[in-house]
Amino acid sequence: MRPSLSSSLLALFAVALVLAPAIVRAGANERRAKPSDGNLWGVGRFRGGGLIRGPCAQRPCIALTFDDGPEHTTTPVVLDELDRHGVRATFFVVGRRFDGDGPIAERNRDTLRETWRRGHLIGNHTYTHALMDVLDDRRLEREVEGNSEAIERVIGTRTFLFRAPFGALHHPRAVRAVYSRGLTPVFWAIDTRDWASHSPEEVVANFRAGLDASPRGGVVLFHDTLERTARALPMVFAEIAARNAARRARGQQPYEFVGLDELWQPVGSGRRR
Ligand SMILES: [Zn+2]
């Protein structure tokens, strides 16, 4: 006997009522289990052009981001260190490093694929690391859309996270090039200035100073193309652990590693949370 449409709908509705709390619970558990958002949640949720400014709003948090890669010599060192601490990060990649022919592009492609496979998020950092504010629409198309397509060819997913090279995104044409494609621009709260540093110790010192200046934490900017940064990371984790121990001893909330979704906010309105 075939059930009527209305009784089928009723049955579906009942099933949904029973399942809904379980689904919500499973989501919450998965969130807790993951120290930061990995690609299991996809990058699609950043679609629609929000804004990620950098500082944490509600509680002390740290979201690690790495720019300018993939670089097959240094990125894997960073990936191993992140794995050791169970932390997922976001990598803003440059298309010309991994797109096209040649053994280096191929190795960097493998590195990008591996970064994604290990659960990190991938964001767009333009195709040639261009200064967006001086480009015309045709070049912007190549830099932004060209890189999105190159990323998608490697990881099989379109990204909606974008970081402007040099953090420069001011010209209305450049801003439009990002938002018209549904991308969410990501800035930072703590610049480790690793690109201008000379040693891993200097990178850590800059991180320390950055955290002193922004004690709530937030998005931290690194470059996974630099050997000194790869070598500084264990000390960065040690620094965070030491600060967390001190914070707990004082009865303060420790820093929690979070993903960028914690810092997402809609454009043109106040903070989301
Ligand atoms: Zn960069």
Size of charge dipole - the range 34-265 - debye, nearest 20, with Cβ of Lys, Arg +1 and Asp, Glu -1, no other charges
720 debye
Based on Cα positions only, what radius of gyration and what Dmax would you give for the range 197-273, in angstroms?
14.5, 41
Do me a favour and compute the ellipsoid semi-axes for the range 34-265 from its Cα gyration tensor, root of five times each eigenvalue, largest one first, whole Å.
28, 20, 16
May I ask you to give the percent of accessible area on the range 162-243 that is carbon plus sulfur, with a probe radius of 1.4 Å?
56 percent
Tell me, what is the per residue accessible area of the range 34-265 in Å², probe radius 1.4 Å?
41 Å²
Residues with amide H under 5 Å of PHE162's amide H, sequence separation 5 or more or different chain, H placed in the peptide plane at 1.01 Å from N; which?
ASN124, THR184, VAL186
With Rg and the Kirkwood Rh both taken from Cα atoms, where does Rg over Rh land for the range 162-236?
1.06
Percent of Cα pairs exceeding the 13 Å cut-off, where the set is the range 72-118
55 percent
Mean shadow area of the range 89-144, taken as a quarter of the surface of its Cα convex hull (nm²)
4.2 nm²
Of PHE257, PHE166, which has the most accessible area with a 1.4 Å probe, and how do the rest follow in descending order?
PHE166, PHE257
Using a 1.4 Å probe, how large is the accessible area of ILE62, given in Å² and rounded to the nearest 10?
0 Å²
Amide H neighbours of ALA63 at under 5 Å, excluding residues fewer than 5 places away on the same chain, with H built from the backbone geometry, are GLY218, VAL219, VAL220, VAL258
Could you give me the ³J(HN,Hα) list for the range 182-187, computed from phi with Karplus coefficients 6.51, -1.76, 1.60 and θ = phi - 60°, whole Hz, x at Gly and Pro?
x, 7, 9, x, 10, 9
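The values are calculated or read from the model by the stated rules, or taken from the named source; none is laboratory data. For clarity, every value in this text was computed on a predicted model and none was experimentally measured. All Cβ positions, glycine included, derive from the backbone under ideal geometry; neighbour counts span all protein chains shown. Accessible surface is based on the protein model in full, side chains and every heavy atom, while ligands, DNA and RNA are left aside. Shrake-Rupley method; radii C 1.70, N 1.55, O 1.52, S 1.80 Å.
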